[in-house]
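Derivation of every value follows stated rules applied to the coordinates shown; laboratory data play no part. Source: prediction; values computed, not measured. Note that each Cβ is placed from the backbone with ideal geometry, even for glycine, and that neighbours are counted across all protein chains shown.
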Amino acid sequence: MVLIHILSLIFSAVAFLFILSVVVLIHEAGHFFMARRFGIKIEEFGFGFPPRLWSKKRGETRYSINLIPLGGFVKLFGEDEAGGGRIQIKNQKSNLKDDIGRAFFARPPWQRALVILAGVVMNSLLAFVIFYIILFAANFKTQLPAIVDHKFYFVEQSLNNIIYVTDVAKNSPAQISGIKPYSKVVALNNAKIKNMEEFIGDVDQNKGKKITLSLEDEKGKLYNVDIVPRISPPKNEGRMGVSLGSQGGIELVYKTPLQKLFSGITYPVNLTLYSLDGMKQIISSSVRDKSVKEVGENVSGPLGIFVVIGSLISQSSSIKELLLQGLSLIGLISISLAFFNVLPIPALDGGRLFFVLIEMITRKKINPGIEAKINAGGFIVLISFLIYITVFFDFPKMAQFVKGLF
């Protein structure tokens, strides 16, 4: 048994590295191909981060495999040097005049802007393709928890209450019929459940009669049970012997041909806007309570993503379900990476793009030393925040996940 849990952890780690590497390498490939399109010299395309384990030079570009397998990078000639206001040619055989002409910092602002944006575009395209596949497999229907009031665009949406079985009493009709705790109640006698009050009323009207309940277990698998609600149930048990809970849910249905055709694009865009509304609420609550606890609980670093992947693997009941859940996670990470990378945050693509746009508007180059210092400061802030999230929130999640396995 212990061996199975260890293998599960190893498989989770491999899946985590694969998913993160795919998302980041797709992003870096965008920079790579756009830079090559404009003739910018590419010094290195690396898988993982240094120290370097292996490398091979093909033409003028070095391709490398590095020790820390968390994504990858593209090193453009004159990109970092431009920020520091200096240019160095380490290879003495290089022609300085020709190389400077192919340096990133020496290219027109519009070319630099497109090279920077290419990573975001590649992540967005990956997310669009993935979510179209997922929605196609789900017959263009999906459901989200109702976190905040939000309008979704180019899709039919409806609000409903999701009813959950939170507990099942011993020797009750529910236990005898096979109702599983934490199942979602979908329908009663093939009629869709709309809210808690209606469901309790329908059960009460059918006391002493056999009814069929359609449920969805915590792994997402549908099942039916036949049950006879009791006429005179024991105290505090109810007619079926279950405890119930409810949560608001938003159902999205892509009905028209155009809605289905563009669903791969509109769904991740809607999802991003919906997540932003949720984050606004979380940040407002944190500011009001003067605490970052709620933010930390809803933001994950690499370790938190590993826990999510491990949970998906342990809870999936079939290879198909595992593949769809894995694709969904890749899509979510990819669209999130695209969105946050385009924001004008120092050290990210959006921060670099911000300086390029200022140059395009003012027709004056930003002082490279100032740009380098701002990017360095932003990098320190981002790394500090990531360390904080990892230590105080992701480590406890990881400990709980491992404890649950063993």
Leaving out same-chain residues fewer than 8 places away, which lysines sit with a Cα under 17 Å from that of residue 57? 41, 75, 90, 93
Take every DSSP beta bridge with both residues inside the chain and express the antiparallel ones as a percent of the total, to the nearest 5. 90
Dipole of the stretch 156-253, positive end: most advanced residue of 220, 201, 169 [Cβ charges, Cα centre]: 169
Throw me the Rg/Rh for the stretch 156-253, computed over C-alpha atoms with Kirkwood Rh, two decimals. 0.96
Which pairs, out of 170/207; 151/255; 170/192; 192/320; 151/260, put more than 22 Å between their alpha-carbon atoms? 170/192; 192/320
As straight-line cross-link partners of residue 397, the qualifying lysines (C-alpha separation under 17 Å, not fewer than 8 residues apart within one chain) are 293
Rounded to the nearest 0.05, what FRET efficiency is calculated for residue 231 and residue 195 with R0 set to 25 Å and r the Cβ-Cβ distance? 0.55
Just report the Cα centroid separation between the stretch 360-406 and the stretch 140-199, whole Å. 38
Here are several values of Rg and Dmax of the Cα atoms in Å: (1) 21.4, 64; (2) 26.5, 93; (3) 22.2, 71. Which one was derived from the coordinates shown? (2)
Cross-link reach list, lysines versus residue 290, counting only Cα pairs under 17 Å and skipping chain neighbours closer than eight places: 280
Taking just the alpha-carbon atoms of the stretch 183-240, what radius of gyration and Dmax come out, in angstrom? 11.6, 33
Tell me which DSSP H helices of the chain clear both cut-offs, 24 Å or more of axial length from alpha-carbon atoms and a mean Kyte-Doolittle hydropathy of at least 0.0. 2-37, 109-137, 263-289, 319-342, 368-389
